[in-house]
Amino acid sequence: MAILKIARMGNPVLLRQCDPVPDPTAPEIRRLIADMMETMEDAPGVGLAAPQVFVPLRLFVFRVPGDRASADPNSAGVPNTVIINPEIEAIGEETGLNWEGCLSIPEMRAVVPRALHIKYRGVDMNGEPVEGTASRFHARVMQHEYDHLDGILYPMRVTDFRYFGFNRELDQAAEAQQRQQTGQS
Ligand code: NI
C-alpha cells in the first residue's frame with residue numbers, strides 16, 4: 001500500500017471526463033482502491049476520486065464518519081467504501097446547502113447546493129452490483145466525488161461566493177460572530 005500524490009486544482013487531470021473501469025476486479029484496480037483508501041485516511045478526508053490521484057477512471061472511495069452521521073437520524077456512519085462505474089440520480093427536488101472542502105483544493109471551503117436524497121448504483125471491487133439510497137451528508141459526499149468523474153470541482157457548483165473562502169478566515173469570522181452573539185468581547 002502507498003500514500004498517493006493528490007492532484008490540485010489547476011491540474012488538467014481534474015477537468016477530464018473519466019473513462020469507465022473496464023475490469024473492476026483487475027489486480028491493478030484492487031491495488032489502486034487500497035492505496036486510495038489509505039491516502040484518504042492519511043489526508044484525512046471523507047472521499048477521494050481516482051482522477052484526484054492522476055487516474056482518469058470512474059471510481060471513488062468515501063466514508064461517513066460516525067460524528068458526521070449522528071447529526072442526521074436518516075444517515076448512519078459508513079465505513080471505507082468503493083464504488084466503481086457509479087451512476088447517481090437525485091430523488092425528488094429537495095436540495096440542501098452545506099459546507100464542502102476538497103483534498104484537491106486545500107485549506108478552503110464553500111457552501112454548495114446538493115440534492116438531499118439520491119439513489120446510486122455501480123459495482124464493488126468484486127465486480128458485484130451495488131445499489132442503494134443515501135441522504136444528507138452521505139448523499140453530499142457521493143455527489144461531490146461523482147462530480148470529479150465528470151471533471152467538475154465544487155467551486156463550479158457554488159451559487160453564493162460570499163460563502164467561499166479560506167478555512168482559517170472563515171473559522172475566525174465564525175468565532176467573532178459567536179462572541180458577538182453571546183455578548184462577550
Ligand atoms: Ni473533491
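Each value in this text was obtained by applying a stated rule to the coordinates, not by laboratory testing. What you see is a predicted model, and the numbers here were worked out from it, not measured in a lab. We place every Cβ from the backbone using ideal geometry, glycine too, and count neighbours over all the protein chains shown.
In this simple spin-label model, placing a label point 7 Å from the Cα along the Cα-to-Cβ direction at both residue 9 and residue 167 gives a separation of 1.4 nm. As a length-normalised measure over Cα pairs under 8 Å and 6 or more apart, the relative contact order of region 12-182 settles at 24 percent.
For the pair residue 19 and residue 124 in one chain, pulling the backbone fully straight at 0.36 nm per residue adds 36.1 nm over the alpha carbon distance. Each helix, a run of at least 4 DSSP H residues, gives -39500 (n - 2.57); summed and divided by the residues of the chain, these come to -8500 deg cm²/dmol at 222 nm. Each residue, residue 97 and residue 34, gets one label point 7 Å from its Cα in the Cβ direction; the gap between the two is 4.5 nm. The rule of thumb for compact globular proteins, 2.2 N^0.38 Å, goes into the C-alpha radius of gyration of the chain 1.07 times. Return the FRET efficiency for the residue pair residue 157, residue 181: r is the Cβ-Cβ distance, R0 is 22 Å, and the value is rounded to the nearest 0.05. It comes out at approximately 0.15.
Normalising the average separation of contacting C-alpha pairs (under 8 angstrom, six or more residues apart) by the number of residues puts the relative contact order of region 42-114 at 22 percent.
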